[in-house]
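Report on one structure; see the data block that follows.
Read-outs throughout are calculated quantities, based only on the coordinates presented, and are distinct from any laboratory measurement. In this text, all values refer to a predicted model and were calculated from it rather than measured experimentally. Ideal geometry is used to build each Cβ from the backbone, glycine not excepted, and the neighbour counts take in all protein chains shown.
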Amino acid sequence: MTHDSRFVYIKPYTTRELRPQETDKISVDDQQFDRLLRRGEVLWVNQVFGARYAPPRQPLMAALESNYFPVLDWPVSEVKKVKDTLGDKVVVVYVEPPTLVELASRLKKRGGHSEERLAEAKAELEALACGRYNAVIDIRVVNGTDELSYIADRVCKAYLRCLDTR
């Protein structure tokens, strides 16, 4: 499947340094982040492991106004903020690992492995299994292959199916 060009990834600002080869975020220092926040240039803020993350307002709103589908990588525990702002324009896709062992391996490969990160992922997956996030998740996709194009195709197809049922 050719990826639908209406999907636009919105790179979040982050106050942490980017990992080698990481291009899906915009690194800013704390002072820059605070200025963005004061000027209303970000929509929501999430803090994880001492770093702050926030999606930029302008590209996200521009995508919506152009009938594109902005894609955010945002914690499921914080999705309510997104839904409160954007309402029924939000389709939440939860991309989950096949196992915790596989997740630990992937985190280690990309340089994001820590016992704290893995413990948080385990707690989130347990909450997911207990149905804690059922009210906010529209689609669940297991990323069994860790291949970007494969998972992007699955997410795209599932998202478009979800839109058809609304």
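Pulled fully out, how much extra length does the chain show between E147 and K83, if you take 0.36 nm times their separation in residues and subtract their Cα-Cα distance?
This chain segment gains 20.2 nm when fully extended.
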Mean-square fluctuation maximum in Gaussian network of the chain, Cα pairs under 10 Å, restricted to P59, P70, P20, hits P20
Cα-based Rg and Dmax for the chain, in Å, come out at 16.1, 44
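Of all trypsin sites (Lys or Arg not before Pro) in segment 129-162, which ones are in loop regions per DSSP and have a Cβ with at most 16 other Cβ atoms within 10 Å? Provide the component values of the computation, followed by the final result.
Values: sites: R132, R140, R154, K157, R161; in loops: R132.
Answer in residue order: R132.
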Given backbone amide H placed at 1.01 Å from N, residues whose amide H is under 5 Å from that of I26, ignoring those fewer than 5 places away on the same chain, are Y13, T14
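Assuming a strict under-16 Å limit between Cα atoms, what lysine pair count do you get for the chain once near-sequence pairs (fewer than 8 apart, same chain) are dropped?
Number of lysine pairs found: 4.
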Extend 7 Å from the Cα of Q58 along its Cα-to-C-beta direction; within segment 3-23, residues with backbone N under 20 Å of that point are 8-15
Helix-only [θ] at 222 nm, the chain, -39500 (n - 2.57) per DSSP H run of 4+, per residue, nearest 500, equals -12500 deg cm²/dmol
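Set the Förster radius R0 to 35 Å, insert the Cβ-Cβ distance between K11 and E115 as r into 1/(1 + (r/R0)^6), and round the FRET efficiency to 0.05. Write down the numbers at each step before the final one.
On the way: r = 28 Å, r/R0 = 0.80.
That pair, K11 with E115, gives E of 0.80.
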For T85, T165, T14, ascending order of other Cβ atoms within 10 Å (fewest first) is T165, T85, T14
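Take the eigenvalues of the Cα gyration tensor for segment 1-71, scale each by 5, and report the square roots as semi-axes in whole Å, largest first. Can you show the working numbers first?
Working: eigenvalues 110, 53, 14 Å².
Taking √(5λ) for each eigenvalue gives 24, 16, 8 Å, largest first.
Run the numbers on the chain and let me know its relative contact order in percent, using alpha-carbon pairs under 8 Å that are six or more apart.
Numbers: 177 pairs, mean separation 36.4, N = 166.
Relative contact order, the chain: 22 percent.
What do you get for GluC sites (Glu not before Pro) in segment 77-166 restricted to DSSP loop and a cutoff of at most 12 other Cβ within 10 Å of the site's Cβ?
Details: sites: E78, E102, E115, E116, E120, E124, E126, E147; in loops: E147.
Passing both the DSSP loop test and the Cβ count: E147.
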With DSSP loop assignment and no more than 13 other C-beta atoms within 10 Å, the trypsin sites (Lys or Arg not before Pro) in segment 14-53 are R39
Largest fluctuation, L36, L60, L148 only, Gaussian network model of the chain with Cα springs under 10 angstrom, belongs to L148
